[in-house]
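Novice: Sending over a structure as structure tokens; questions will come in a sec.
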Amino acid sequence: KRAAIELIHQEITRSTTEHIQRAFVHWRRVVLIDKISSGGSGADIQCQHSGSIPSGAPQSDLPLVLEGLKNDAHGSAQALAKGINNLRQHDIGQLRADWDTEKAVQAERIDEMTKSSLDLLTARQDEFEGCVQSTVEGLSAEIPSIQSKVADLQSAHSAFAESTASAQSLHNEQLNILSDRNDLLDERLKQLESRLIRADEHIRSLEEDRAKSDQAISSLQRQMKASERRHEASDAKIQSIVHRFAMENAELRQRLETAEKDNEALSEQLQSTQATLEKQRSSTQNALDRIRDVLDAHGIRKPKLIKMIQLCALYEMTAKEKNYVVSIDTVFDGNDAANLPGNIAAFAHDYALWIAYQADHEVLHRAVARTQSNQQDLVYADDDLGPRRLELLEGLKSDLCLALEAVHPDAGLLKLEARSRFVNRLMEATDSALSKHDQIVVETNSRIGKLRSSKKSVPVCVACDRPLRSRRRANGDGVGETGDQEA
């Protein structure tokens with residue numbers, strides 16, 4: 001029961017402390033914002049009564065208020081909005097005063113210029129009339145000369161009138177320029193007024209939030225008074241809880257800073273990962289396109305020599321390490337067997353299949369693309385299969401030797417011996433695999449295995465005793481070599 005009572009007491013204390021802290025934060029925020037509002041409104045009232053705008057910005061306690069509200073983000077935002085509104089009102093008033101001053105100065109300048117121009121014109125006209133009158137009275141006898149002088153004076157008067165018209169046009173241009181400036185200033189004033197209207201709307205929304213907060217504050221104040229009456233004896237415990245809360249708040253801030261740093265690091269990692277994924281996606285798409293091209297392509301693709309080059313290089317390195325040319329089936333790649341015979345046999349089978357396909361393809365291409373004048377090419381097309389296959393087989397040997405020379409350009413005698421053995425075994429295996437694709441000509445009745453061709457010069461397959469057309473025996477000891485095709 002005591003533990004339950006203590007738990008209930010702790011829960012009541014915690015809820016009361018939270019309400020007190022929230023009420024105190026709201027009360028402090030309202031007091032500080034009212035201080036900024038009273039400072040800004042006092043400056044506005046002073047500007048309205050005096051009829052002028054102070055030269056500097058309105059003085060306020062905004063820095064002190066923001067320093068006091070540094071732990072209250074919402075209160076800081078409200079205080080900053082209030083300060084900005086005061087500055088905007090001050091700037092608009094300053095612009096209005098400057099505009100009125102500039103307008104009065106320009107009006108005075110225009111009036112002075114007009115008055116001086118008129119006075120000058122009047123004085124010159126009086127002077128001209130006096131001169132004409134004195135000349136008429138003094139020289140009445142010299143009427144012709146006077147008439148000529150009068151004509152000169154009239155021309156001078158017309159020139160003076162033209163100069164007056166030009167001065168008037170210049171004056172009108174200046175008036176137009178001043179009118180344009182006036183329009184620009186009016187437009188700027190309208191923009192500032194629209195900004196002031198938007199600021200007023202924002203202030204209204206803030207005032208609505210303030211009214212809501214006032215209501216919440218009043219209700220919290222009532223709750224606080226009730227809580228103070230019920231929990232006057234728990235002030236010491238509340239102080240300790242406040243101190244612990246401050247410590248937890250400081251620790252929470254440290255955790256937030258650490259979390260922000262971790263978030264930045266994770267963002268950088270995410271960006272790098274996205275870039276890597278984009279590169280891998282593009283490379284994967286390219287590889288997929290190449291695979292699709294291979295799958296959709298017709299015919300048989302030529303096997304790559306890279307695996308044979310690697311195995312031959314490994315065989316040469318093994319011979320170099322052991323200082324003699326080892327057997328081709330005793331090569332190890334680290335702790336695992338390299339399986340050179342199996343790899344050579346598989347490559348020989350694939351390359352022989354490609355040689356047979358390539359030779360047949362070329363012959364068929366010639367047969368399809370022949371013209372009426374080259375009908376004999378179709379008759380002797382089969383006779384070209386054997387020589388073409390030999391050319392492709394020799395091309396394998398030359399390509400492999402060139403590639404191995406590029407891998408080990410300065411190979412010694414031991415490596416060259418190992419290379420020669422490897423290449424010979426590969427060529428023998430490919431030549432043997434190519435016998436599967438030779439043409440068969442049964443020159444006598446044969447039961448495939450029971451009887452053989454009567455001509456000993458025709459070789460047969462070692463597996464099924466079938467006669468091979470493109471091979472012949474050089475001698476009668478059973479050793480066969482490639483030669484001319486049998487007719």
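The values are calculated or read from the model by the stated rules, or taken from the named source; none is laboratory data. In this text, all values refer to a predicted model and were calculated from it rather than measured experimentally. Virtual Cβ from ideal backbone geometry, glycine too; neighbours counted across all protein chains shown. We work out accessible area using only protein heavy atoms, side chains counted, and drop any ligands, DNA or RNA first. Shrake-Rupley method; radii C 1.70, N 1.55, O 1.52, S 1.80 Å.
Novice: Of the residues SER327, SER282, only one is polar (S, T, N, Q) and not in a loop (DSSP other than H, G, I, E, B); which?
Specialist: Values: SER327 fails: not in a loop (DSSP other than H, G, I, E, B).
Of the residues listed, the single one that is polar (S, T, N, Q) and not in a loop (DSSP other than H, G, I, E, B) is SER282.
Novice: Checking the condition exposed (fewer than 13 other Cβ atoms within 10 Å of the Cβ) and small (Gly, Ala, Ser), which residue from ALA199, ALA216, ALA226 passes?
Specialist: Numbers: ALA199 fails: exposed (fewer than 13 other Cβ atoms within 10 Å of the Cβ); ALA216 fails: exposed (fewer than 13 other Cβ atoms within 10 Å of the Cβ).
Selected residue: ALA226, the only one of ALA199, ALA216, ALA226 that is exposed (fewer than 13 other Cβ atoms within 10 Å of the Cβ) and small (Gly, Ala, Ser).
Novice: Which of (1) under 54 Å from the mean Cα position of the chain (by Cα); (2) modelled with pLDDT of 85 or more is the odd one out, the single condition ALA411 does not satisfy?
Specialist: (2)
Novice: Now a separate question. What do you reckon, is LYS261 charged (D, E, K, R) and open to solvent by less than 100 Å² (accessible area, probe 1.4 Å)? Can you show your working first?
Specialist: Numbers: charged (D, E, K, R): yes; open to solvent by less than 100 Å² (accessible area, probe 1.4 Å): no.
Against the criterion (charged (D, E, K, R) and open to solvent by less than 100 Å² (accessible area, probe 1.4 Å)), LYS261 does not qualify.
Novice: Can you spot a residue in the range 286-295 that is polar (S, T, N, Q), outside any loop (DSSP other than H, G, I, E, B), more than 26 Å from LEU416 (Cα to Cα) and open to solvent by less than 100 Å² (accessible area, probe 1.4 Å)? Walk me through it before giving the result.
Specialist: Going residue by residue through the range 286-295, those that are polar (S, T, N, Q) are 286.
Adding the requirement that they be outside any loop (DSSP other than H, G, I, E, B) leaves 286.
The next check asks that each one be more than 26 Å from LEU416 (Cα to Cα); those that pass are 286.
Filter once more, so that each one left must be open to solvent by less than 100 Å² (accessible area, probe 1.4 Å): 286.
Checking the range 286-295: at least one residue is polar (S, T, N, Q), outside any loop (DSSP other than H, G, I, E, B), more than 26 Å from LEU416 (Cα to Cα) and open to solvent by less than 100 Å² (accessible area, probe 1.4 Å).
Novice: Give me the pairs: first residue in the range 105-124 and in contact (Cβ under 8 Å) with a residue 24 or more places away in the chain, second residue assigned to a helix (DSSP H, G or I) and aromatic (Phe, Trp, Tyr), beta-carbon distance under 9 Å, and six or more apart or on different chains, which are they?
Specialist: Sorted first by the residue in the range 105-124, then by its partner, the pairs are LEU121/PHE160; ARG124/PHE160.
Novice: Which one is nearest to the chain's Cα centre (by Cα) among residues in the range 331-358 that are assigned to a loop (DSSP other than H, G, I, E, B) and more than 24 Å from ASP431 (Cβ to Cβ)?
Specialist: Keep residues of the range 331-358 that are assigned to a loop (DSSP other than H, G, I, E, B), which gives 331, 334-335, 338-339.
Checking the rest, the ones that are also more than 24 Å from ASP431 (Cβ to Cβ) come to 334-335.
Details: GLY334: 45, ASN335: 47 Å.
Checked the range 331-358; the qualifying residue nearest to the chain's Cα centre (by Cα) is GLY334.
Novice: Filter the range 264-285 down to residues that are hydrophobic (A, V, I, L, M, F, W, C) and under 17 Å from the mean Cα position of the chain (by Cα) and give me whichever is least open to solvent (accessible area, probe 1.4 Å).
Specialist: Restricting attention to the range 264-285, the residues satisfying the condition of being hydrophobic (A, V, I, L, M, F, W, C) are 265-266, 270, 275, 277.
Restricting the remaining residues to those that are under 17 Å from the mean Cα position of the chain (by Cα) gives 270, 275, 277.
Details: LEU270: 97, ALA275: 49, LEU277: 100 Å².
If we take residues in the range 264-285 being hydrophobic (A, V, I, L, M, F, W, C) and under 17 Å from the mean Cα position of the chain (by Cα), then ALA275 is least open to solvent (accessible area, probe 1.4 Å).
Novice: Continuing with the same structure: Anything in the range 82-106 that is farther than 20 Å from ARG204 by Cβ and among the basic types (Lys, Arg)? List them, or say none.
Specialist: Selection gives ARG96, LYS103.
Novice: Checking the conditions here, which among LEU220, LEU185 is of a type in the set (A, V, I, L, M), touching a residue at least 40 places away in the same chain (Cβ under 8 Å) and closer than 26 Å to ILE110 by Cβ? Walk me through it before giving the result.
Specialist: Working: LEU220 fails: closer than 26 Å to ILE110 by Cβ.
Going through LEU220, LEU185 in turn, the sole match is LEU185.
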